[in-house]
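S.K.: Have a look at this one before I ask anything.
What follows is calculated from the coordinates using simple rules that are stated; it is not laboratory data. Just so it is clear, the structure is predicted and the values come from calculations on it, not from any experiment. Using ideal geometry, Cβ is built from the backbone for each residue, glycine included, and neighbour counts are taken over all protein chains shown.
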Amino acid sequence: MAANPQTDPYYRLRHSLAHVLAQAVLEIFPDGKIAIGPPIENGFYYDFDLPRPLSTEDLADIEERMRRIVTGDHPFTFREVSADEARTLFKDQPYKLELIDGLAAGQDEYGEAADGTNGKTVISTYRQDSFEDLCRGPHLERTGQINPDAFKLTTIAGAYWRGDEHRPQLQRIYGTAWNTKEELDDYLWRLEEARKRDHRKLGKELDLFSISEDVGNGLILWHPKGARIRGIVEDFARTAHIQGGYEWVYSPHLGKANLWETSGHLGFYKENMYAEMDIEGEKYYVKPMNCPFHIQIYKSHLRSYRDLPIRYAENGTVYRYERSGTLHGLTRVRGFTQDDAHIFCTPDQIEAEINRALDFSLYVLRSFGLSDFTAYLSTKPAKSVGDPADWERATEALRRAVELHALNYEVDEGGGAFYGPKIDLKVHDALGASGNSAPFSLISTCRSASSLNSSRKMGRRGGPLWYTVRCLAVWSASSAC
């Protein structure tokens with residue numbers, strides 16, 4: 001998860017160490033190419049294009065060089081530069097040159113349109129010692145503020161440039177950083193305990209599930225023992241929904257292209273969908289979400305406002321394209337089944353239904369013995385549909401719901417779905433980690449894009465079945481002895 005400079009007290013420390021890491025690597029590989037190096041939850045990373053593969057033995061040498069740089073107590077110096085100055089400064093760094101071209105065109109470092117820049121983005125750098133990097137900050141004032149005994153490089157991984165498998169594969173070095181050695185030691189202990197409880201290891205040892213190369217990466221095969229667990233959870237999900245006032249429905253695994261055009265998925269979500277298939281001259285797509293089908297059930301005959309609210313739920317299997325480098329056991333997959341619910345209600349019913357759905361989600365979490373979680377209020381993204389006034393009203397309704405339930409929450413600016421804001425409840429395992437958890441509950445509200453007149457559609461996905469398929473990792477880490 002990306003770190004937030006406004007809420008993460010370690011942001012400046014870890015961002016500064018990412019730059020120190022890049023300097024150390026370039027001391028070993030003077031002709032190496034550097035890409036990006038942000039702070040993340042619990043640490044930082046930097047991506048490199050180097051003349052040879054790195055090994056774990058290299059990490060000790062890099063760490064030692066980083067400590068020498070840190071103890072040099074070099075200031076972090078900020079300056080703004082023009083695009084031409086930046087191109088001259090980074091003339092031998094192709095990844096930086098690509099970033100500079102994007103910044104000059106009004107994009108952010110991820111190639112998206114930068115907010116509030118009026119087409120012009122400030123280009124800036126930070127320098128410490130002999131190393132200068134393209135960066136907007138913020139950083140510590142000096143390298144000497146970094147505790148040389150409180151950071152460690154942890155792993156090396158592959159990463160495609162800008163997440164695109166058609167671009168060069170880079171080498172990513174991960175590290176962790178804390179204020180004290182005691183904090184570092186505690187984190188490394190938790191990391192080792194997490195390895196012992198890794199759901200992929202336990203899934204194999206307990207014969208719960210497997211992934212076959214013949215079937216395809218990211219596609220889970222549930223073995224009899226795992227299927228038994230899943231069946232129990234499915235029964236719980238169905239009973240809980242029905243008792244909670246939901247009506248059970250079923251929908252197909254694919255739909256015609258015009259369905260996804262009307263819903264907005266082809267315009268806003270196509271990169272996460274699988275390729276179209278031709279069936280008797282018509283285009284079809286396997287479904288990435290269940291919402292359009294529930295809308296079609298609602299639209300199958302005339303409704304009166306007296307019928308509302310109407311609540312539909314199903315255990316719907318969806319298929320979403322995930323790049324191979326992002327797949328991880330059960331937590332990042334290409335096909336999964338979630339208990340997915342949608343509520344059709346009048347505008348004046350929205351707030352009561354949000355609170356009802358949030359109550360349901362908290363009930364499910366606690367039914368599985370999970371009470372340690374963080375709520376995230378995810379707001380309007382750059383690519384979205386709907387009236388801005390509707391977005392604002394919906395976001396404030398969600399905010400009131402989390403506050404009414406006295407939940408600790410953070411605002412995830414721009415993290416909402418393209419069709420509406422949402423609440424994510426992210427579970428922490430017994431070791432306090434949330435990196436392997438998945439959004440357990442999603443509540444979104446919007447004016448439907450599919451001609452529902454004056455009613456609204458509100459979705460709640462990620463109850464117990466979503467938990468089983470994507471959050472068995474958290475469960476295993478929380479219950480292992």
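S.K.: Place +1 on the Cβ of every Lys and Arg and -1 on the Cβ of every Asp and Glu in the chain, take the dipole about the Cα centre, and give the residue among VAL215, PHE44, MET66 whose Cα lies farthest towards its positive end.
M.R.: After comparing all options, I get VAL215.
S.K.: Long-range amide H contacts for LEU140: which residues qualify at under 5 Å (H placed 1.01 Å from N, peptide plane, sequence gap of 5 or more or a different chain)?
M.R.: Here SER16 satisfy the definition.
S.K.: Work out, step by step, the length gained on full extension between ASP348 and SER130: first 0.36 nm times the residue separation, then minus their alpha carbon distance; give nm to one decimal. Write down the numbers at each step before the final one.
M.R.: Values: separation 218, 0.36 × 218 = 78.48 nm, distance 6.12 nm.
The ASP348-SER130 span can extend by a further 72.4 nm.
S.K.: Between MET273 and residues 5 or more places away or on another chain, which pairs have amide H atoms under 5 Å apart, with H built 1.01 Å from N, and which residues are they?
M.R.: Amide H neighbours of MET273: TYR321.
S.K.: Output the 0 to 90 degree angle, nearest 10, between the alpha-carbon long axis of helix 350-367 and the longest principal axis computed from the alpha carbons of the chain.
M.R.: 70 degrees
S.K.: In degrees between 0 and 90, to the nearest 10, how far off the longest principal axis of the chain does helix 56-71 point, with axes built from Cα atoms?
M.R.: 70 degrees
S.K.: Cβ neighbours within 10 Å, averaged per peptide: list 58-69, 124-135, 283-294 in order, most packed at the top. Intermediate values should be presented prior to the final figure.
M.R.: Values: 58-69: 16.7, 124-135: 18.2, 283-294: 21.1.
Answer by packing, highest mean first, reads 283-294, 124-135, 58-69.
S.K.: Also, quick follow-up: So if each residue of separation counts as 0.36 nm, and I subtract the Cα-Cα distance between LEU206 and HIS301, what length gain in nm does that give?
M.R.: On the way: separation 95, 0.36 × 95 = 34.20 nm, distance 4.82 nm.
Extending this stretch completely gives an extra 29.4 nm.
S.K.: Another question, if that's okay. Calculate, for ILE28 and THR7, the FRET efficiency according to 1/(1 + (r/R0)^6) with r their C-beta to C-beta distance and R0 22 Å; round to the nearest 0.05.
M.R.: Working: r = 34 Å, r/R0 = 1.57.
Here the calculated transfer efficiency is 0.05.
S.K.: Continuing with this model, one more query. I need the peptides 23-36, 208-221 ranked by packing, meaning the mean over residues of other C-beta atoms within 10 angstrom, with the highest value on top.
M.R.: Top to bottom by mean Cβ count within 10 Å: 23-36, 208-221.
S.K.: Between ASP214 and GLU276, what is the FRET efficiency for a Förster distance of 30 Å, r being their Cβ-Cβ separation, to the nearest 0.05?
M.R.: That pair, ASP214 with GLU276, gives E of 0.75.
S.K.: Can you classify segment 119-180 as rounded, prolate or oblate using the Cα gyration tensor, where a ≥ b ≥ c are the square roots of its eigenvalues, rounded means a/c under 1.5, and otherwise it's prolate if a/b beats b/c and oblate if not?
M.R.: Values: a/c = 2.59, a/b = 1.17, b/c = 2.21.
Oblate, because a/c is 1.5 or more while a/b does not exceed b/c.
S.K.: Additional query: Provide the net charge surrounding GLU410, with neighbours chosen by a C-beta distance below 11 Å and charges set as Lys +1, Arg +1, Asp -1, Glu -1. Intermediate values should be presented prior to the final figure.
M.R.: Values: positive: LYS426; negative: ASP8, ASP412, GLU413, ASP424.
That works out to -3.
S.K.: I've got another one for you. Taking amide H positions as placed in the peptide plane 1.01 Å from N, state which residues far from LYS422 in sequence (5 or more) or on other chains have amide H under 5 Å from it.
M.R.: Correct list: SER378, ALA417.
S.K.: Using only the alpha-carbon atoms, how far is helix 224-243 inclined from the longest principal axis of the chain? Give it as 0 to 90 degrees, nearest 10.
M.R.: The helix 224-243 is inclined about 60 degrees to the chain.
S.K.: Return the sequence-ordered ³J(HN,Hα) values of segment 395-403 in whole Hz as given by the Karplus equation 6.51 cos²θ - 1.76 cosθ + 1.60 applied to θ = phi - 60°, using x for Gly and Pro.
M.R.: Values per residue, Gly and Pro as x: 4, 5, 5, 5, 4, 5, 5, 5, 6 Hz.
S.K.: For ALA24, what charge total do you get from the other residues with a beta carbon under 12 Å from its beta carbon, if Lys and Arg give +1 and Asp and Glu give -1?
M.R.: Working: positive: ARG65, ARG67, ARG68; negative: GLU27, ASP58, ASP61, GLU63, GLU64, ASP129.
Computed value for this residue: -3.
S.K.: Starting from the Cα-Cα distance between LYS256 and ARG68, subtract it from 0.36 nm times their residue separation and give me the gain in nm to one decimal. Could you put the intermediate results ahead of the total?
M.R.: Values: separation 188, 0.36 × 188 = 67.68 nm, distance 6.08 nm.
Additional length available on full extension: 61.6 nm.
S.K.: Residue by residue through segment 299-311, what is 3J(HN,Hα) from phi via Karplus (6.51 cos²θ - 1.76 cosθ + 1.60, θ = phi - 60°)? Round to whole Hz and write x for glycine and proline.
M.R.: Coupling constants for segment 299-311: 7, 5, 7, 5, 10, 9, 4, 5, 6, 8, x, 10, 10 Hz.
S.K.: Using label points projected 7 Å from each Cα along Cα→Cβ, tell me how many nm separate THR374 and ASP198, to one decimal.
M.R.: The two pseudo-label positions are separated by 2.4 nm.
S.K.: For the chain, what is the calculated [θ] at 222 nm in deg cm²/dmol (nearest 500), taking -39500 (n - 2.57) for each run of four or more DSSP H residues and dividing by its residue count? Let's see the in-between values first.
M.R.: Details: 13 runs with 165 residues, N = 481.
Dividing the helical sum by the residues of the chain leaves -11000 deg cm²/dmol.
S.K.: So, in nm, how far is label ASP235 from label ASP84 when the simple model puts each one 7 Å beyond its Cα toward the Cβ?
M.R.: Going from the ASP235 label point to the ASP84 one covers 7.5 nm.
S.K.: Here's another thing I want to ask about it. In this model, which of LYS91/LYS270; LYS287/LYS383; LYS96/LYS383 are farther than 28 Å apart at the alpha-carbon? Working shown, then result.
M.R.: On the way: LYS91/LYS270 35 Å; LYS287/LYS383 20 Å; LYS96/LYS383 26 Å.
From LYS91/LYS270; LYS287/LYS383; LYS96/LYS383, over 28 Å: LYS91/LYS270.
S.K.: Report the net charge of residues surrounding ALA60, where surrounding means a beta-carbon distance below 14 angstrom and charges are Lys +1, Arg +1, Asp -1, Glu -1. Present the calculation step by step, with values, prior to reporting the outcome.
M.R.: Working: positive: ARG65, ARG67, ARG68, LYS152; negative: GLU57, ASP58, ASP61, GLU63, GLU64.
My count for the surroundings of ALA60 gives -1.
S.K.: Which three extents, in angstrom, do the Cα atoms of segment 154-304 have along their principal axes, listed largest first?
M.R.: 66, 44, 37
S.K.: Indicate the gyration tensor shape class of the chain (rounded, prolate or oblate), computed on the Cα atoms with a ≥ b ≥ c the square roots of the eigenvalues: a/c under 1.5 is rounded; otherwise a/b larger than b/c is prolate and the rest oblate. Mind showing how you got there, number by number?
M.R.: Details: a/c = 1.86, a/b = 1.56, b/c = 1.19.
Prolate is the answer for the chain, as a/c is 1.5 or above and a/b outweighs b/c.
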